[in-house]
Amino acid sequence: MKKIVLTLLMAFFAVGAFAQNDETTGVRIPGGYQGFVEMGNTLWHFDKNMSTTLQISTTHGCYFNEHLYAGLGAAYEWNNEYGLLPIYANIRYVIMSRTIVSPIISLRLGSYLGDNIGAYGDLAVGVRFASKRDFAVSILVAGTYYDKITSSYYDEWMDAQGYWHYENVERKINPSGIAVRVGIEW
């Protein structure tokens, strides 16, 4: 087991040696270890109304070539109805890695933890703004999927005879929606 972990660590850090700059534009070509931090909002439909959630995420992995990135990450998404912790694998493809402005495609697949446990998926497209140093900013629009969440609340009402009734009500919430995220890459 120690040999496998050591071999994986050596391969992970060896890939980092391939990061370089494009001589024509001066843009740093992605390679090796990369970390991401992203923050955004998800708009979703709830009880005939629209609602939003706030999400912050971090992903860490490496570029295997100047276009293809793979990593693992975690996020926290919350609003006044719930809080979820998605844990996911991320694949990202930078289409034109040698330019300052480049389109990107990102796919996250995993599951979430919270009061419930379920599947999580996120497909995003966006734009990456690279710098001449080891830094980039990205803006992404995503379709986000979560399994439905069971939420409960306490309800009370008075009937026609003046008696109070108390009930614990369960409802299904579908927090899937459209997300907009802004992130940094180093």
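The values are calculated or read from the model by the stated rules, or taken from the named source; none is laboratory data. Fair warning: this is a prediction, and the values are worked out from it, not measured in the lab. Neighbour counts are summed over all protein chains in view; Cβ atoms, including those assigned to glycine, are modelled from backbone coordinates with ideal geometry.
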Quiz item: Within the stretch 164-183, is even one residue outside any strand (DSSP E or B), within 15 Å of Q55 (Cβ to Cβ), of a type in the set (S, T, N, Q) and touching a residue at least 40 places away in the same chain (Cβ under 8 Å)?
Solution: yes
Quiz item: Before we move on, is T144 over 15 Å from the mean Cα position of the chain (by Cα) and part of a strand (DSSP E or B)?
Solution: no
Quiz item: When the stretch 98-116 is examined, which residues are found to be within 17 Å of A74 (Cβ to Cβ), surrounded by fewer than 19 Cβ atoms within 10 Å (Cβ to Cβ) and among the hydroxyl-bearing types (S, T, Y)?
Solution: S111
Quiz prompt | Scan of the stretch 38-54 for residues that are touching a Gly at 6+ places or on another chain (Cβ under 6 Å) and more than 12 Å from P175 (Cα to Cα), ordered by number | solution = E38
Self-check item: Residue in the stretch 28-57 that is surrounded by the most Cβ atoms within 10 Å (Cβ to Cβ), counting only those that are of a type in the set (V, I, T) and farther than 20 Å from I149 by Cα
Solution: I29
Quiz item: Is the stretch 128-142 home to any residue that is closer than 25 Å to H45 by Cβ, surrounded by fewer than 15 Cβ atoms within 10 Å (Cβ to Cβ), touching a residue at least 12 places away in the same chain (Cβ under 8 Å) and of a type in the set (A, V, I, L, M)?
Solution: yes
Practice problem: Considering only the stretch 58-109, state which residues are polar (S, T, N, Q) and touching a residue at least 60 places away in the same chain (Cβ under 8 Å). | Solution: S97, T99
Quiz item: Which residues, counting only those in the stretch 147-185, are loosely packed, with under 13 Cβ neighbours inside 10 Å, more than 13 Å from the chain's Cα centre (by Cα) and among the hydrophobic types (A, V, I, L, M, F, W, C)?
Solution: W157, M158, A160, W164, V169
Exercise. For Y93, indicate whether it is in a strand (DSSP E or B) and more than 21 Å from T52 (Cα to Cα).
Key: yes
Self-check item: Test result for A119, of a type in the set (A, V, I, L, M, F, W, C), at pLDDT 95 or above and loosely packed, with under 13 Cβ neighbours inside 10 Å
Solution: yes
